[in-house]
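The values are calculated or read from the model by the stated rules, or taken from the named source; none is laboratory data. Keep in mind the model is a prediction, meaning the values are calculated, not measured. Note that each Cβ is placed from the backbone with ideal geometry, even for glycine, and that neighbours are counted across all protein chains shown. Heavy atoms of the whole protein, side chains included, go into the accessibility calculation; ligands, DNA and RNA do not. Shrake-Rupley method; radii C 1.70, N 1.55, O 1.52, S 1.80 Å.
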Amino acid sequence: MITVHHLNNSRSQRVLWLLEELELRYQVRRYERDKQTMLAPKSLKAIHPLGKSPVITEDGITVAETGAIIEYILDRHDNNRFIPKPGTPERLRYTYWLHYAEGSAMTPLLLKLVFSRMPQSAPPLVRGIVNSIAQKAQERMSDPQIRTHLDYWDNELTKAEWFAGKDFTAADIMMSFPLEAAAVRADAKSRPMVKTFLDKIHARPAYQAALRTGGQYDYAA
Ligand SMILES: N[C@@H](CCC(=O)N[C@@H](CS)C(=O)NCC(=O)O)C(=O)O
């Protein structure tokens, strides 16, 4: 059986969601972020050297990295659902979005998160200066990039109902995290197609079931 090494409030939510969509049996081992640093506990390094979540284990196999986990699960357990047929335009779009989610979309969102947390870790004497540097860095570096990605998603979602085409695929599960992160860190909700996408995925019974299993989730990091 698959074991999901689940860090609270994290990308690992996507793996729980996929498993619920596929109605597969799985078990969850829980890890709690440090309340101050938000980092994962050291015990996660015993599962994978990077100590990040998600990680899954099954029959002596360990898989890290959300995209690789999704590919592994579909490949090993159900390669007909949530993945378009090879050689189709939908399959190419599927592959693109599956990689783009972590490879491109998360970068400016992560930068923004780091900049916004800088002032709180600065000594009180220089906190004001650090705050204004962090604000400027967001205005000049991360925010314009995030707006470009948001407009891109909004436009792409006018072409078809889901990211890869007319059918819901695992690429939509992969893309959920950047869109959710953008919804709390930027003005995602003013993009109508992005908002519709988020409303639709949040209404899916499997998404709701994954939330009940995963616990509190507010797209923090
Ligand atoms: N690209 C990786 C990112 C993994 C990652 O950064 N996970 C975060 C949770 S969302 C984490 O483990 N953070 C805690 C830490 O860095 O200690 C993936 O998609 O799996």
Pull out all pairs, ordered by first then second residue, where Cβ-Cβ is under 9 Å, the residues are six or more apart or on different chains, the first lies in the stretch 196-221 and is within 20 Å of TRP153 (Cα to Cα) and within 14 Å of the ligand (Cβ to nearest atom), and the second is hydroxyl-bearing (Ser, Thr, Tyr) and in a loop (DSSP other than H, G, I, E, B). none
Residue among THR158, THR169 that is of a type in the set (S, T, N, Q), more than 16 Å from the ligand (Cβ to nearest atom) and closer than 21 Å to LEU74 by Cβ: THR169
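Being among the acidic types (Asp, Glu) and within 16 Å of THR169 (Cβ to Cβ) narrows it down to one of GLU90, GLU65, GLU32, GLU58, so name that one. Spell out the reasoning first.
On the way: GLU65 fails: within 16 Å of THR169 (Cβ to Cβ); GLU32 fails: within 16 Å of THR169 (Cβ to Cβ); GLU58 fails: within 16 Å of THR169 (Cβ to Cβ).
Going through GLU90, GLU65, GLU32, GLU58 in turn, the sole match is GLU90.
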Would you point out which residue out of ILE83, ILE133 is away from the ligand (no atom under 16 Å from the Cβ), touching a residue at least 24 places away in the same chain (Cβ under 8 Å) and among the aliphatic types (A, V, I, L, M)? ILE83
Restricting to the stretch 146-163, name every residue that is outside any loop (DSSP other than H, G, I, E, B) and among the aromatic types (Phe, Trp, Tyr). TYR152, TRP153
Looking at this structure, is ILE133 under 25 Å from ARG25 (Cα atoms) and not in a loop (DSSP other than H, G, I, E, B)? no
Has the stretch 178-193 got any residue that is touching a residue at least 60 places away in the same chain (Cβ under 8 Å) and not aliphatic (A, V, I, L, M)? yes
Answer residue from the stretch 38-72, given it is near the ligand (Cβ under 8 Å from one of its atoms) and among the charged types (D, E, K, R) and is nearest to SER121 (Cα to Cα) among those: LYS52
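Every residue in the stretch 136-171 that is among the acidic types (Asp, Glu) and touching a residue at least 60 places away in the same chain (Cβ under 8 Å), please. Explain how you work it out, then say what you get.
Restricting attention to the stretch 136-171, the residues satisfying the condition of being among the acidic types (Asp, Glu) are 139, 143, 151, 154, 156, 161, 167.
Of everything in the stretch 136-171, just one residue is among the acidic types (Asp, Glu) and touching a residue at least 60 places away in the same chain (Cβ under 8 Å), namely ASP167.
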Among all residue pairs at least 6 apart or on different chains, which show Cβ distances below 8 Å where the first residue, located in the stretch 13-37, is more than 15 Å from the ligand (Cβ to nearest atom) and the second is at pLDDT below 95 and open to solvent by 80 Å² or more (accessible area, probe 1.4 Å)? GLU21/ARG81; LEU22/ARG81; ARG25/MET1; TYR26/MET1; GLN27/MET1
Which one of these does ALA122 not meet: (1) closer than 26 Å to LYS52 by Cα; (2) within 21 Å of the chain's Cα centre (by Cα)? (2)
